Amino acid sequence: MKYLKYTGSKIIMVALLLITVLASCKKNDEFFDIEDPQGIDSKIWNDEGAVGLFLSRTYGLVIPQWPTLGGIHNTSDEMNNANTAFLYGTLVENSVTDLGTGNSINANRYFDIRRCNLALEGLDSSSTISEDKKKILRGQFYFLRAYVYFRMVTLYGGIPLVLNVQNLTEEGIPAVPRAKTSECIAAITKDLDSASANLPSLWTGNDIGRITRGAAMAVKGKVLMYWASPQFNPTNIVTRWDNAYQACKAAYDQCVVDGYILIPNYANVFQTEDHREAVIVRKYTQTRDWGNNVEALARPASLGSGGSYQPTWNLVQAYTMSNGLPITHSSSGYSNIQFWQNRDPRFDASIAYNGVTWPLGTPGRRQWQYNGLLDDASSTIVTGFYCRRFCNNSLSASQAIYASGTGGGSGVDWLEMRFAEVMMNLAECANETGRLSEAKDMVRRIRIRAGIVQGSFDYGLNLATDIPSMRTLLLNENQIEFALEGKRYYDLRRTRNYSLLTARQSYKVAPKLPFVAGAIPNSGPVVGRIYLDGIVNGIKARDTININNLATYSSVFTLPATIATIEGSNVVSVPSKYYFYALPNFFSQNSYIIEQTQGWINGTFNPLQ
């Protein structure tokens, strides 16, 4: 029997199953259901199984899930779902509440930090767990604490640093002022150094998904890259970039030694599991309680409750051609009519456009998105495109749907960081420190994996001749490589490029007479008209169209298509103060020693220090 102290002053006895190995992130998540204890009886730290369960629960709280559709931090110009208050500049002081809104486990990230502090202090007191096991446990808690702080600092700048266990009455609101951002960065990197020194290079079996030393080092490099980036470094202090480069280079080298790679096929990044490109991953399954509904959400509305992941015309235009050149280059070979032809292969792996073959449980099935299509109402096809990246073509419509009580869906894992990001972070830091050749080498390898051809422009890299032009290329490469993964918002924020956000656009084609949308009328067809949704000899007329034949495609649809804003009369305008958000009211109104962020009401805290 072990003892857990739950919310309040009562001590409640809880029977914990004794296990001999660490609880798995993926399979042994029953502890995730236990109400979070505000305090832990000291006896827990003498039982490795109990500590393992406590650790698994902490992973569940800290490691990010699939980005929230329409959430502020998943808002950019690449998708239909967006937080319009962010885009139109109407956020208020209590709009960004990631830090917390109350005094409970699910509403206050300082409870996550407290769990890590409890564990680090508790393990020091343990007399029965071996030093080797303590080392690995400590490493994970150091990482998890650092990760909580890093995610908060990217949003708010410096926040109160609490590195030891506070009294319970003080946990909701830290009893210390906001630390300087520089002090937070120093504490985060120190934790990550401690993590990497204590963690293994690889986990196997049910422990796959736990943090490795390579992951800890990669996050350290990312933290220092953020600290060097314009969001935190508008005056471009060069020593920060030097430090970031050294950390990213060390992380890259260690990841290579430890077996991290770019998997051969970009299209399989989210279609296969437990591959060696995954650096930080949140595991999901198709079983009840541990799945997700991403598969159903990404599919067309006609195949369930989908249509939520719709790429914009803005994103479609961002993809380069198969030779790596942007579509605006005179040698690109781009067609504004058959825009899908000869594009970067990552385009076809990610974007479903009008007429593309997209099985989704039905071999040979083609996806159509023209105006008047019967399958999907025009109101559900917001942008004219769907997302292919997260969909398993072998699943039927019913199999794609997940319900917490019964399971289902694809069980696709969320990849918070993959080796491609480690490479891109190194490329950016290399560029900013004058190592253009090294930066190009990283991108070249990513483009080769993508299937881009060398051509006469070295995979398009010849266009970058100096730091500014390479900086532009890298920002676009990030947008393409990590399309719809929620990275675009953070990249624009970190680089102070909110000004690049413009109105999100749709691209929709309309049938041209004699072709019309819809099925053959019950009263019979109108003479001379061809009904695209009509079935003749078991085949819909639209499925006989060869979209890659320009003459045929142009005879069926009015081209070029209509390009329109999906913002309505609203204007995209993101204020500069959004680079650092206001602390939520729970903190700023309940502690006179915690300052508000400059630029917001009564703000005095400078996040650049």
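The values are calculated or read from the model by the stated rules, or taken from the named source; none is laboratory data. What you see is a predicted model; the values in this text were computed from it and never measured. Neighbour counts are summed over all protein chains in view; Cβ atoms, including those assigned to glycine, are modelled from backbone coordinates with ideal geometry.
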Legend entry - In region 433-476, the residues that are touching a residue at least 12 places away in the same chain (Cβ under 8 Å), β-branched (Val, Ile, Thr) and part of a helix (DSSP H, G or I): VAL443, ILE446, ILE467
Legend entry - Positions within region 63-93 being surrounded by fewer than 21 Cβ atoms within 10 Å (Cβ to Cβ), in a helix (DSSP H, G or I) and hydrophobic (A, V, I, L, M, F, W, C), in sequence order: ILE72, ALA85
Legend entry - Check on THR97, part of a loop (DSSP other than H, G, I, E, B), at pLDDT 95 or above and β-branched (Val, Ile, Thr): yes
Inset, instruction - Could you check GLY599 against (1) loosely packed, with under 15 Cβ neighbours inside 10 Å; (2) not in a helix (DSSP H, G or I) and say which number it fails? - result: (1)
Inset, instruction - Mind telling me which of the residues THR565, THR552 ends up being modelled with pLDDT of 95 or more, over 30 Å from the mean Cα position of the chain (by Cα) and surrounded by 12 or more Cβ atoms within 10 Å (Cβ to Cβ)? - result: THR552
Legend entry - Test for VAL223: is it among the hydrophobic types (A, V, I, L, M, F, W, C), out of contact with any His (no Cβ under 6 Å at 6 or more places or on another chain), in contact (Cβ under 8 Å) with a residue 12 or more places away in the chain and within 30 Å of TRP358 (Cβ to Cβ): no
Legend entry - Residues (of a type in the set (Gly, Ala, Ser) and touching a Gly at 6+ places or on another chain (Cβ under 6 Å)) located in region 164-220: ALA179, ALA195
Inset, instruction - Pick out the one residue from GLY307, GLY221 that is in contact with a strand residue (DSSP E or B) (Cβ under 8 Å, 6 or more places away or on another chain), of a type in the set (Gly, Ala, Ser) and crowded, with 17+ Cβ neighbours inside 10 Å. - result: GLY307
Legend entry - Test set (1) in contact (Cβ under 8 Å) with a residue 60 or more places away in the chain; (2) in a helix (DSSP H, G or I); (3) closer than 15 Å to GLU481 by Cβ; (4) not basic (Lys, Arg) - ALA430 fails condition number: (3)
Inset, instruction - Could you check, for region 159-179, whether at least one of its residues is over 30 Å from ILE593 (Cβ atoms), touching a helix residue (DSSP H, G or I) at 6+ places or on another chain (Cβ under 8 Å) and either surrounded by fewer than 16 Cβ atoms within 10 Å (Cβ to Cβ) or not small (Gly, Ala, Ser) (or both)? - result: no
Inset, instruction - Test ALA503 against the stated conditions and say whether it is assigned to a strand (DSSP E or B) and either more than 18 Å from the chain's Cα centre (by Cα) or surrounded by 20 or more Cβ atoms within 10 Å (Cβ to Cβ) (or both). - result: no
Inset, instruction - Taking only region 239-261 into account, find how many residues are under 12 Å from ARG418 (Cα atoms) and either buried (at least 19 other Cβ atoms within 10 Å of the Cβ) or under 18 Å from the mean Cα position of the chain (by Cα) (or both). - result: 3
Legend entry - Check on VAL294, closer than 20 Å to LEU550 by Cβ, out of contact with any Leu (no Cβ under 9 Å at 6 or more places or on another chain) and crowded, with 18+ Cβ neighbours inside 10 Å: no
Inset, instruction - Could you check, for region 485-495, whether at least one of its residues is under 28 Å from ARG365 (Cβ atoms) and acidic (Asp, Glu)? - result: yes
Legend entry - Count of region 583-596 residues which are part of a loop (DSSP other than H, G, I, E, B) and either within 30 Å of ILE381 (Cβ to Cβ) or small (Gly, Ala, Ser) (or both): 1
Inset, instruction - For VAL572, state whether it is surrounded by fewer than 15 Cβ atoms within 10 Å (Cβ to Cβ) and either farther than 30 Å from ASP98 by Cβ or modelled with pLDDT of 95 or more (or both). - result: no
Inset, instruction - Restrict the check to region 345-353 and report whether at least one residue is more than 19 Å from ALA450 (Cβ to Cβ) and of a type outside the set (Gly, Ala, Ser). - result: no
Inset, instruction - Just one of (1) in contact with a strand residue (DSSP E or B) (Cβ under 9 Å, 6 or more places away or on another chain); (2) modelled with pLDDT of 95 or more trips up PHE587, so point out which. - result: (2)
Inset, instruction - Report yes if ASP132 is surrounded by fewer than 16 Cβ atoms within 10 Å (Cβ to Cβ) and assigned to a helix (DSSP H, G or I), otherwise no. - result: yes
Legend entry - Subset tally (residues that are over 9 Å from GLY89 (Cβ atoms), out of contact with any helix residue (DSSP H, G or I) (no Cβ under 6 Å at 6 or more places or on another chain), in a loop (DSSP other than H, G, I, E, B) and among the hydroxyl-bearing types (Ser, Thr, Tyr)) for region 567-582: 1
Legend entry - Flag for GLY409 being crowded, with 20+ Cβ neighbours inside 10 Å and more than 29 Å from TYR531 (Cα to Cα): yes
